[in-house]
Amino acid sequence: MAREQLAIEEETPQAAAADNNGVAFHDAGASNKSKVTVVGSGNWGSVAAKLIASNALKLPSFHDEVRMWVFEETLSNGEKLSEVINQTNENVKYLPGVKLGKNVVADPDLEHAVRDANMLVFVTPHQFMEGICKRLVGKIKKEAEAISLIKGMEVKMEGPCMISTLISEKLGINCCVLMGANIANEIAEEKFSEATVGYRGNKEIADRWVQLFNHPYFIVSAVQDVEGVELCGTLKNVVAIAAGFVDGLEMGNNTKAAIMRIGLREMKAFSKLLFSSVNDSTFFESCGVADIITTCLGGRNRKCAEAFARHGGKRTFDELEAEMLQGQKLQGVSTAKEVYEVLRHRGWLELFPLFTTVHEICSGRLPPSAIVETVK
Ligand SMILES: NC(=O)c1ccc[n+]([C@@H]2O[C@H](COP(=O)([O-])OP(=O)(O)OC[C@H]3O[C@@H](n4cnc5c(N)ncnc54)[C@H](O)[C@@H]3O)[C@@H](O)[C@H]2O)c1
């Protein structure tokens with residue numbers, strides 16, 4: 001057994017984290033190993049940490065410890081979430097009942113969590129990323145590599161900005177993406193699924209990310225199309241909202257399949273208008289058609305949109321999110337607004353009736369039934 005593995009068994013991560021005054025954990029003899037930090041600890045963030053932690057123990061080129069930044073919360077019993085994760089090895093709020101792996105160390109101090117990492121995995125709801133990036137400027141290793149598992153975009157005066165671009169530009173580091181048909185709770189149960197890594201130029205870096213995530217129950221492949229992969233992951237949440245409206249109105253499977261097909265067509269057209277480099281083949285990867293299917297069948301965006309339509313649009317998405325998701329965040333409603341802003345600004349609204357209508361329904365300007373009227 002490797003010396004590091006032995007060390008992990010002898011000393012709990014909590015104990016090691018407690019006396020870790022910024023000194024790398026189990027670092028002796030491990031300086032050429034990659035250290036991974038997961039920035040985010042929601043539902044998918046916790047599952048990503050579990051996957052990575054299991055591989056880090058097996059692969060000699062990765063440091064055993066996987067640090068996970070936790071946005072600190074006080075639980076209803078008064079305990080701190082990060083402390084409970086380190087005591088129980090479970091994220092009791094966002095992934096209850098699942099052991100993360102004893103080499104996952106929850107760290108509520110963002111700067112401390114990233115300080116020694118050469119591989120940074122970003123996985124928070126997209127609306128928090130601008131603030132997180134600001135806090136990380138000058139705090140990470142210069143040679144660090146990043147990957148974003150975040151679905152969403154920022155819309156600025158000068159146009160849309162993908163989250164991987166935000167990370168690259170703010171932090172001055174390369175950033176790949178990982179997207180796919182990946183409902184976190186199913187992967188937590190180790191049910192088979194696939195994912196797609198999108199990379200820009202350096203295949204070696206992409207292969208390193210594939211190595212870190214790939215598992216017998218989580219098959220990862222890489223394509224050289226960051227924008228295509230990221231836009232698939234982002235835009236499918238808008239289609240899932242439309243699918244939820246169809247479910248809430250009890251319109252049946254044929255209608256839902258039509259919405260999925262029209263949605264996929266708009267995803268492809270929108271992505272290619274924004275980035276001419278986007279490949280058609282990307283839409284046939286896990287991040288494309290497979291993610292559309294799983295998100296429109298399961299997933300929180302579909303679920304909340306179904307409830308919205310059942311209530312005839314009389315309850316807001318904010319209320320439904322708070323009531324139905326227990327702290328998890330909806331992405332589709334804000335992404336629909338962001339996409340709408342891009343379409344309006346560029347004069348493309350009429351080219352994208354499904355995307356446009358989803359936002360108009362979410363903002364109360366049209367009834368849920370408009371979802372099928374406008375795409376005919
Ligand atoms: N859950 C899934 O099945 C799934 C699958 C694939 C991709 N994703 C994507 O992963 C990303 C993260 O989603 P998730 O499911 O891990 O999160 P989540 O929605 O389950 O949890 C929300 C997270 O946001 C944190 N948070 C709350 N306020 C914050 C603040 N002010 N600053 C920073 N963090 C704050 C919470 O502590 C929590 O960790 C999203 O972009 C999502 O679209 C999710």
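Beta bridges assigned by DSSP with both partners in the chain are antiparallel in approximately 30 percent of cases. Toward the positive end of the charge dipole of the chain, with +1 on the Cβ of Lys and Arg and -1 on the Cβ of Asp and Glu, the farthest Cα among Asn253, Asn89, Leu120 is that of Asn253. Each Lys and Arg adds +1 at its Cβ and each Asp and Glu adds -1 at its Cβ; summed about the Cα centre, region 3-224 shows a dipole of about 560 debye. Spin-label pair Gln328-Leu59: with each label point 7 Å from Cα along the Cα-Cβ axis, the two points sit 2.7 nm from one another.
Mind checking the angle between helix 300-310 and the chain's longest principal axis? C-alpha axes, 0 to 90 degrees, to the nearest 10. That works out to roughly 30 degrees. Computed with a 1.4 Å probe on the full set of protein chains, the accessible area for Ser168 sits at about 30 Å². Axis angle, to the nearest 10 degrees, between helix 43-58 and the longest C-alpha principal axis of the chain: 40 degrees. The GluC sites (Glu not before Pro) of region 239-326 that DSSP puts in a loop, and whose beta carbon has at most 16 other beta carbons within 10 Å, are Glu250. For region 104-129, the residues whose amide N sits under 20 Å from a probe point set 7 Å from the Cα of Lys139 along the beta carbon direction are 105-129.
Annotation: amide H-H contacts under 5 Å for Glu145 (H modelled 1.01 Å from N, sequence separation of 5 or more, or interchain): Met119, Leu120.
Here's the list of aspartates and glutamates a cross-link from Lys314 could span, going by alpha-carbon distance under 18 Å and ignoring same-chain residues fewer than 8 apart: Asp247, Glu250, Glu306, Glu323, Glu360. In terms of its C-alpha gyration tensor, region 59-158 comes out oblate, because a/c is 1.5 or above while a/b does not outweigh b/c. A simple spin-label model places pseudo-atoms 7 Å from Cα toward Cβ; at Lys80 and Glu250 they are separated by 5.1 nm. Comparing Leu171, Asn279, Asn202 along the charge dipole axis of region 147-291, the residue lying farthest to the positive side is Asn279, per the Cβ-charge model.
Using alpha carbon centroids, what distance separates region 267-320 and region 61-108, in Å? First find each Cα centre; the distance between them is then 30 Å.
Sorting Met324, Met129 on solvent-accessible area from highest to lowest, probe radius 1.4 Å, gives Met324, Met129. Rounded to the nearest 20, the size of the Cβ-charge dipole of the chain about its Cα centre is 860 debye, with Lys and Arg at +1 and Asp and Glu at -1. Here region 228-373 is assigned +1 on the Cβ of each Lys and Arg and -1 on the Cβ of each Asp and Glu. Its dipole about the Cα centre then comes out at about 80 debye.
Given Lys170/Lys203; Lys191/Lys236; Lys35/Lys272; Lys99/Lys141; Lys102/Lys303, which pairs have Cα atoms separated by over 26 Å?
Lys35/Lys272; Lys99/Lys141; Lys102/Lys303
Roughly what angle does helix 203-213 make with the longest principal axis of the chain, taking Cα atoms, 0 to 90 degrees, to the nearest 10? Taking Cα atoms only, the helix is inclined about 80 degrees.
The values are calculated or read from the model by the stated rules, or taken from the named source; none is laboratory data. The model shown is predicted, which means the values in this text are computed figures rather than measured ones. Neighbour counts are summed over all protein chains in view; Cβ atoms, including those assigned to glycine, are modelled from backbone coordinates with ideal geometry. Accessible surface areas use protein heavy atoms only, side chains included; no ligands, DNA or RNA. Shrake-Rupley method; radii C 1.70, N 1.55, O 1.52, S 1.80 Å.
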